[in-house]
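J.: Provided herewith is a single structure, encoded as structure tokens, for subsequent inquiry.
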Protein chains: 2
Amino acid sequence: MLEAKNPQKTDLENLGEFGLIDHLTKDLPQSQPSTKLGIGDDAAVLDHSELQTVLTTDMLVEGVHFDLAYMPLQHLGYKAVVVNLSDVYAMNATATQITVSIAVSNRFSLEALEAFYAGVRHAAQTYGVDVVGGDTTSSTKGMIISITALGTAAPEKLCYRSGAKENDLLVVSGDLGGAYMGLQVLEREKAVYAVNPQSQPDLEPYHYIVQRQLKPEARKDIPELLAALEVKPTAMIDISDGLSSEILHLCKASKLGCDLYEDKIPLDPTVISSCEEFHLDSTTVALSGGEDYELLFTIAPSDYDKIKGNPNLTVIGHMTQAAAGAYLVTRANTKIPLQAQGWNAFEDKK
Amino acid sequence: MLEAKNPQKTDLENLGEFGLIDHLTKDLPQSQPSTKLGIGDDAAVLDHSELQTVLTTDMLVEGVHFDLAYMPLQHLGYKAVVVNLSDVYAMNATATQITVSIAVSNRFSLEALEAFYAGVRHAAQTYGVDVVGGDTTSSTKGMIISITALGTAAPEKLCYRSGAKENDLLVVSGDLGGAYMGLQVLEREKAVYAVNPQSQPDLEPYHYIVQRQLKPEARKDIPELLAALEVKPTAMIDISDGLSSEILHLCKASKLGCDLYEDKIPLDPTVISSCEEFHLDSTTVALSGGEDYELLFTIAPSDYDKIKGNPNLTVIGHMTQAAAGAYLVTRANTKIPLQAQGWNAFEDKK
């Protein structure tokens, strides 16, 4: 853990709440014209003028959502921002501002929080969003992060979950299952390290999937690509809990069924090889692994030619009427009902 | 604690994350015309059209900010919303939407979360704000709450901390120190209860100050009153950390000093009598107690006649040039430098 390695750590108690906030946020740049006032008053002030505002929030808890044994704090700051921005892009909107709140126990030093904020700042710069507020306080145990993201879009650009129509094509960006397999590799290395602290893990063969877990990116490029292709998705959602769970959300909101084709699900070669190594079924991993932060959307069949052959996009199925149900069509051409096996924050962790 | 008394409690594990969110948010009404879409998609959608948006967020941690031994969960839900709305009103804005995120350990039952959300709902109705999003997840210890509030105002109506001018009058709403003295009473009763669980506390003489601690109200009425009186504050801030700390924020942001008159600080008779009982100095309590959620603002001297005699407002001092410093002028007419002794979330809790 970062804070354990640092011999020159500064106790948070010595800074006081106001000193800490000033220190951590002092060099956060602002680039959004809509940010009229950032940190420093009772509230931030934004002017989204004729555009509509989208608003989303996520909470991340140490020991539930992340493990600092293998998640560097700088990566954690980056990822915490990215998972929120992904929800903004899933509305086909532009991300503009975030607030970042953290509660930490006294085992964290100032240097640890600086590393976290360095990751936040890097993500804010990469995605062009302004950090306009937040809260920094103490916890009785561990680190808790709460981020709220705002974005803007013209009303006619917004994509809801509820707009899919029968026969629309189901499309996904990127590839799936990587973040989950990266987690399996990191969990294995953690177990090895617990037995032999002198071990030197060789993560190079797993570089892609470990990056998908530790430093995921949100698909800011997809709304831009779709605008350039003149395609407006009829419905869109981000894949945070696994493909299966998100497809069922789309079906429920749009009052439809779907056929998802197993052989169309995009998988990186590293996901396939690591699934073999861990004796896991790659389709199950893609359906239920989660944390991919890709976008899942539906388009009218007439738009197919516009996206055909684009390396970022894969057609994986189509929407059917509600009575037909939601199914996975396997390689053996049998139909299995899709089930929401997404990650459950309240499941028993024994 | 509420959850300990309830024999029919429902384990959160049995509900799953999606079921829980649906259940807790199913009867949250929406009344704001600017709420285009609330809970149920990747993000909420708001239309603040020609108005500017104000945005503020606060995190509350069990064992740091609240103690469930004497804070009923319904009151906690109410208070968590109120402390955020207070920041919106301190911008002279109208509160419109909130998001509510909570993380709880498995010691909390569904019924406990329902009680919390009942308080959230009550506050949302009382203040006319819509709950448009949030997150519900598990923690490894205790309850953590993160609320973000949005509001709107015409740009020319907004009051920043930085707008005060030399000779402006320093005005406060309501009275101060009550929440802190209510906390002293509750802490004493908790200690008595620990020794003798059969004891029946008589909190009636302390009703006002206990209410100020357990169920504070935000001053939604003050921006409305000021508009009716045709007074625009030159600067405004809410009193969450104690009068002294907030005055120093105003002085720093406006690059001014001030004279605050001890004999003008508004105190409820219950605060004075309980300070005598607890052998505390009432001025110190008002200056540093915190959690009053009153509004502190400055007005041009020419506006004095408009607020004179209003029972909601008290002139407690005036702004001076920065070089003069920030002082408390005591009843004995000596000047003592004001110090920020506001509550520090990172102080040692031994």
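The values are calculated or read from the model by the stated rules, or taken from the named source; none is laboratory data. Just so we're clear, the structure is a prediction, and the values are computed from it rather than from any experiment. Cβ placement follows ideal geometry from the backbone for every residue including glycine, while neighbour counts extend to all protein chains displayed.
J.: Is there a residue in the stretch B:182-202 that is away from every other protein chain (no Cβ under 14 Å), among the aromatic types (Phe, Trp, Tyr), within 28 Å of B:Thr314 (Cα to Cα) and surrounded by 13 or more Cβ atoms within 10 Å (Cβ to Cβ)?
T.: No, there is no match, as no residue in the stretch B:182-202 is away from every other protein chain (no Cβ under 14 Å), among the aromatic types (Phe, Trp, Tyr), within 28 Å of B:Thr314 (Cα to Cα) and surrounded by 13 or more Cβ atoms within 10 Å (Cβ to Cβ).
J.: Can you pull out every residue in the stretch A:21-36 that is more than 17 Å from A:Ser146 (Cα to Cα) and either at pLDDT 85 or above or more than 7 Å from chain B (Cβ to nearest Cβ) (or both)? Give the steps one after another, and end with the answer.
T.: In the first step, residues of the stretch A:21-36 are kept if they are more than 17 Å from A:Ser146 (Cα to Cα); the result is A:22-23, A:26-36.
Hits for the stretch A:21-36 are A:Asp22, A:His23, A:Lys26, A:Asp27, A:Leu28, A:Pro29, A:Gln30, A:Ser31, A:Gln32, A:Pro33, A:Ser34, A:Thr35.
J.: So, in the stretch A:324-350, exactly how many residues are within 17 Å of A:Ile247 (Cβ to Cβ), modelled with pLDDT of 50 or more and not polar (S, T, N, Q)?
T.: The total comes to 12.
J.: While we're on this one: Can you pull out every residue in the stretch A:139-151 that is surrounded by fewer than 23 Cβ atoms within 10 Å (Cβ to Cβ) and of a type in the set (Ser, Thr, Tyr)?
T.: Passing the criteria: only A:Thr140.
J.: Might you check whether a residue that is modelled with pLDDT of 90 or more, assigned to a loop (DSSP other than H, G, I, E, B) and acidic (Asp, Glu) occurs anywhere in the stretch A:60-71?
T.: Within the stretch A:60-71, one or more residues are modelled with pLDDT of 90 or more, assigned to a loop (DSSP other than H, G, I, E, B) and acidic (Asp, Glu).
Matching residues to (1) charged (D, E, K, R); (2) assigned by TED's automatic domain parsing to the domain that holds A:His249:
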| position | (1), (2) |
| --- | --- |
| A:Asn84 | no, no |
| A:Val88 | no, no |
| A:Ala95 | no, no |
| A:Val104 | no, no |
| A:Ser162 | no, no |
| A:Gly177 | no, yes |
| A:Glu187 | yes, yes |
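Yes/no per residue for (1) at pLDDT below 95; (2) more than 16 Å from the chain's Cα centre (by Cα):
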position: A:Glu230; (1), (2): no, yes
position: A:Ser245; (1), (2): yes, no
position: A:His249; (1), (2): yes, yes
position: A:Val271; (1), (2): no, yes
position: A:Cys275; (1), (2): no, yes
position: A:Thr283; (1), (2): no, yes
position: A:Glu294; (1), (2): no, no
position: A:Lys306; (1), (2): no, yes
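J.: Right, next: Can you name the residue in the stretch B:73-112 that is farther than 13 Å from B:Ile144 by Cβ and of a type in the set (Phe, Trp, Tyr) and, of all such residues, is surrounded by the fewest Cβ atoms within 10 Å (Cβ to Cβ)? Walk me through how you get there before you give the answer.
T.: Taking the stretch B:73-112 as the starting set, the residues that turn out to be farther than 13 Å from B:Ile144 by Cβ are B:73-75, B:77-79, B:81-99, B:106-107, B:109-112.
Still in the list and also of a type in the set (Phe, Trp, Tyr): B:78, B:89.
Details: B:Tyr78: 24, B:Tyr89: 29.
This residue is B:Tyr78.
J.: Also, quick follow-up: Condition test on B:Ala80, is it in contact with a Leu (Cβ under 9 Å, 6 or more places away or on another chain), of a type in the set (Gly, Ala, Ser) and not in a helix (DSSP H, G or I)?
T.: Taking the combined requirement at face value, the residue does not satisfy it.
J.: Further, regarding this structure: Can you tell me how many residues in the stretch B:53-72 are buried (at least 24 other Cβ atoms within 10 Å of the Cβ) and either in contact with a Leu (Cβ under 9 Å, 6 or more places away or on another chain) or more than 22 Å from A:Ile145 (Cα to Cα) (or both)?
T.: Counting residues in the stretch B:53-72 that are buried (at least 24 other Cβ atoms within 10 Å of the Cβ) and either in contact with a Leu (Cβ under 9 Å, 6 or more places away or on another chain) or more than 22 Å from A:Ile145 (Cα to Cα) (or both) gives 4.
J.: If I go through the stretch A:41-77 residue by residue, how many of them are among the aliphatic types (A, V, I, L, M) and more than 7 Å from chain B (Cβ to nearest Cβ)?
T.: Residues meeting the conditions: 7.
J.: Failed condition for B:Lys141, given (1) among the charged types (D, E, K, R); (2) in the same structural domain as B:Thr56 (by TED's automatic domain parsing); (3) more than 30 Å from A:Glu62 (Cβ to Cβ), with all others met?
T.: (3)
J.: I would also like to ask the following. Among the residues of the stretch A:271-293, is there at least one that is buried (at least 17 other Cβ atoms within 10 Å of the Cβ) and of a type in the set (Phe, Trp, Tyr)? Please lay out each step first, then the result.
T.: Residues of the stretch A:271-293 that are buried (at least 17 other Cβ atoms within 10 Å of the Cβ), as a first pass: A:271, A:274-275, A:280, A:282-283, A:285-293.
Imposing the further condition that a residue be of a type in the set (Phe, Trp, Tyr) reduces the set to A:293.
Yes; the residues of the stretch A:271-293 include at least one that is buried (at least 17 other Cβ atoms within 10 Å of the Cβ) and of a type in the set (Phe, Trp, Tyr).
J.: While we're on this one: Please count how many residues of the stretch A:244-272 are touching a residue at least 24 places away in the same chain (Cβ under 8 Å), assigned to a helix (DSSP H, G or I) and either over 17 Å from A:Asp168 (Cα atoms) or among the aromatic types (Phe, Trp, Tyr) (or both).
T.: Here the count works out to 6.
J.: Those residues that are assigned to a helix (DSSP H, G or I) and closer than 25 Å to A:Ala123 by Cα, I need them from the stretch A:188-214; list them, please.
T.: Of everything in the stretch A:188-214, those that are assigned to a helix (DSSP H, G or I) and closer than 25 Å to A:Ala123 by Cα turn out to be A:Glu204, A:Tyr206, A:His207, A:Tyr208, A:Ile209, A:Val210, A:Gln211, A:Arg212, A:Gln213, A:Leu214.
J.: Let me ask another. With the condition being within 12 Å of another protein chain (Cβ to nearest Cβ), under 15 Å from the mean Cα position of the chain (by Cα) and modelled with pLDDT of 95 or more, I'd like the strands (runs of 3 or more DSSP E) fully within the stretch A:96-181 carrying at least 1 qualifying residues.
T.: Numbers: elements: A:130-138, A:143-153, A:169-173.
Correct list: A:143-153.
J.: Which one of these does A:Glu217 not meet: (1) at pLDDT below 95; (2) touching a Ser or Thr at 6+ places or on another chain (Cβ under 9 Å); (3) outside any helix (DSSP H, G or I)?
T.: For A:Glu217, the failing item is (1).
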